[in-house]
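The values are calculated or read from the model by the stated rules, or taken from the named source; none is laboratory data. Everything numeric in this text was worked out from a predicted model, so none of it was measured. Every residue, glycine among them, receives a Cβ derived from its backbone with ideal geometry; neighbour counts consider all protein chains shown.
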Amino acid sequence: MGRQMREKRALQHDIRAALAKNELELYYQPQALPNGRVFGFEALLHWRHPLRGLVPPGLFIPLAEETGAIGPIDEWVLREACREAASWRRPLTIAVNLSTVDFRRSDVPAMILATLLETGLDPQRLEVEITEGVLFWDFDRALSILRRIKGFGVRIAMDDFGTGYSSLSYPQDFPFDKIKIDQTFVSRIGDSFQAGAIIQSIVRLGRTLALPVIAEGVETEEQRTFLAREGCQVQGYLIGRPEPIAHYRHLIAGLATARESAIRAR
């Protein structure tokens, strides 16, 4: 336990300096329509520690939130992702995750507006992903903040839908632009009748509310076929792994991949 605490304190110290030392990197994972056509990317943060190598986001993000370093980090992620997306030949969307802590400590709408003005990105191409934690801590204040963001033309997506305590009420209280199904359901397609039924219910809910639904963690053809049949957008290793944007130059330049063409031909 003592060793684990020392390692945690060391990582907390290092994450504070990671941004200044240029140790943070953005990887991009494609998102596709049911027919396989890529319409956008999600920007995913990686920390390349000089001694430890790549540190998993599930480890360093909570540490950044604990130390207060998450604010500057998320601001950097937003700016870099928007700057990169603004340079693409194809007007693909870019999805960025913002921490719940951001909504408690900083003026998120001002940060987003300043970033859009600085980078010149069309607001309709930016999608901000939030979890229900943003709404859970101060519902009325969170709704006010999200409405200001939507006022810029930015899209708001509910991430990890179906895994929280009261997610079902949120699409009623706030006009989200997209619902994102957690990979814990997707991974059990074919093995669990319940998981498939839950996914079908979420997709039908989205269809009734005129909300696109995207499923993350798609790794097999069986999963993709099931989701495509339901009219669900897809994201996962089967479509493309998180990679530096140079890996996807053909997509942002408007050249279809062999996988895209094969999926659409089915």
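Which one of the conditions (1) of a type in the set (D, E); (2) surrounded by fewer than 21 Cβ atoms within 10 Å (Cβ to Cβ); (3) in contact (Cβ under 8 Å) with a residue 40 or more places away in the chain does D173 fail to meet, given that it meets all the rest? The failed condition is (3). Residue check: is I94 among the β-branched types (V, I, T) and assigned to a helix (DSSP H, G or I)? No: the conditions fail for I94. There is no residue in segment 144-159 that is more than 15 Å from V203 (Cβ to Cβ), touching a helix residue (DSSP H, G or I) at 6+ places or on another chain (Cβ under 9 Å) and acidic (D, E).
Can you work out which of the residues in segment 164-192 that are assigned to a helix (DSSP H, G or I) and at pLDDT 90 or above is farthest from F136 (Cα to Cα)?
V186
Quick check on E66: is it out of contact with any Pro (no Cβ under 9 Å at 6 or more places or on another chain), part of a strand (DSSP E or B) and charged (D, E, K, R)?
Working: out of contact with any Pro (no Cβ under 9 Å at 6 or more places or on another chain): yes; part of a strand (DSSP E or B): no; charged (D, E, K, R): yes.
Considered against the rule, which asks whether it is out of contact with any Pro (no Cβ under 9 Å at 6 or more places or on another chain), part of a strand (DSSP E or B) and charged (D, E, K, R), E66 comes out as no.
When we screen L11, L19, L54 for residues that are of a type outside the set (S, T, N, Q), surrounded by fewer than 19 Cβ atoms within 10 Å (Cβ to Cβ), touching a residue at least 40 places away in the same chain (Cβ under 8 Å) and touching a Phe, Trp or Tyr at 6+ places or on another chain (Cβ under 8 Å), the only hit is L19.
Between L59, L117, the distinction of being modelled with pLDDT under 95, assigned to a helix (DSSP H, G or I) and surrounded by fewer than 20 Cβ atoms within 10 Å (Cβ to Cβ) belongs to L59 only. Within segment 22-33, the only residue that satisfies the criterion of being more than 17 Å from L44 (Cβ to Cβ) and either without any contact (Cβ under 8 Å) to a residue 40 or more places away in the chain or more than 17 Å from the chain's Cα centre (by Cα) (or both) is N22.
Quick one: how many residues across segment 137-163 are over 17 Å from the mean Cα position of the chain (by Cα) and either aromatic (F, W, Y) or in a loop (DSSP other than H, G, I, E, B) (or both)? Total meeting the criteria: 5. Residues in segment 72-92 that are buried (at least 17 other Cβ atoms within 10 Å of the Cβ), more than 10 Å from L26 (Cβ to Cβ) and either under 14 Å from the mean Cα position of the chain (by Cα) or touching a residue at least 60 places away in the same chain (Cβ under 8 Å) (or both): D74, L78, C82, W88, L92. For segment 48-70, the set of residues classified as touching a helix residue (DSSP H, G or I) at 6+ places or on another chain (Cβ under 6 Å) and under 30 Å from P91 (Cβ atoms) consists of I70 only.
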